[in-house]
Amino acid sequence: MKNPFSEKFRGVFLHCKTPRKSYSLHHLYLTSMKKQLLLPFLAAFLLSNCSSEKTIEDYGVHYQKHHDLESLQEVVNRVELNADTSYVSSILGEPIDMGFDYRYLVDSVSERNCSFGAVFHINDEGKIDDKWIDEICE
């Protein structure tokens, strides 16, 4: 694309507020074109990085730092039945191991002043055969 300012306005200068700098219309046109070409690439880069979906590992790391219900719920939803207990531990950290289930608590209690958290029931083969989030009153 031919620059319409290249020959016609090559000697014309605009004076900016700072007296030490002057810019030709030719320079301003080229700068404007660079911005127009760069903008779509920048937008695509930002959108591709911002729209990535969180993984189960991301939620596990967040739960381990904050012991929050939202992250724990996401992990419970994503752990598949028949998963190995070592997989659950690798995501959520060390559980409260009752022998027949793993428990993970959040930093809040229920209305009945009971602990609240996730339970992963373990079958005889050491696999998760049931999972839920609820009050844990015992």
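A few notes on this one:
- Here's how it looks for residue 68: its modeled amide H is under 5 Å from none belonging to a residue 5 or more places away or on a different chain.
- For residue 131, distant residues with modelled amide H under 5 Å away: 121
- Efficiency of FRET from Cβ geometry, residue 111 and residue 80, R₀ 30 Å, rounded to 0.05: 0.45
- ³J(HN,Hα) computed for each position of segment 131-138 - Karplus, 6.51 cos²θ - 1.76 cosθ + 1.60, integer Hz, glycine/proline x: 7, 6, 10, 5, 5, 10, 10, 9
- Estimated FRET transfer efficiency when R0 is 30 angstrom, pair residue 67-residue 129 (beta carbons, to 0.05): 0.75
- Other-chain or far-sequence residues with amide H under 5 Å of residue 101's (modelled H): 122
Readers should treat all values here as calculations from the given coordinates under stated rules, not as data from a laboratory. Everything numeric here is computed off the predicted structure, so don't read it as measured data. Methodologically, a virtual Cβ is constructed for each residue, glycine included, from the backbone with ideal geometry; neighbour enumeration extends over all protein chains shown.
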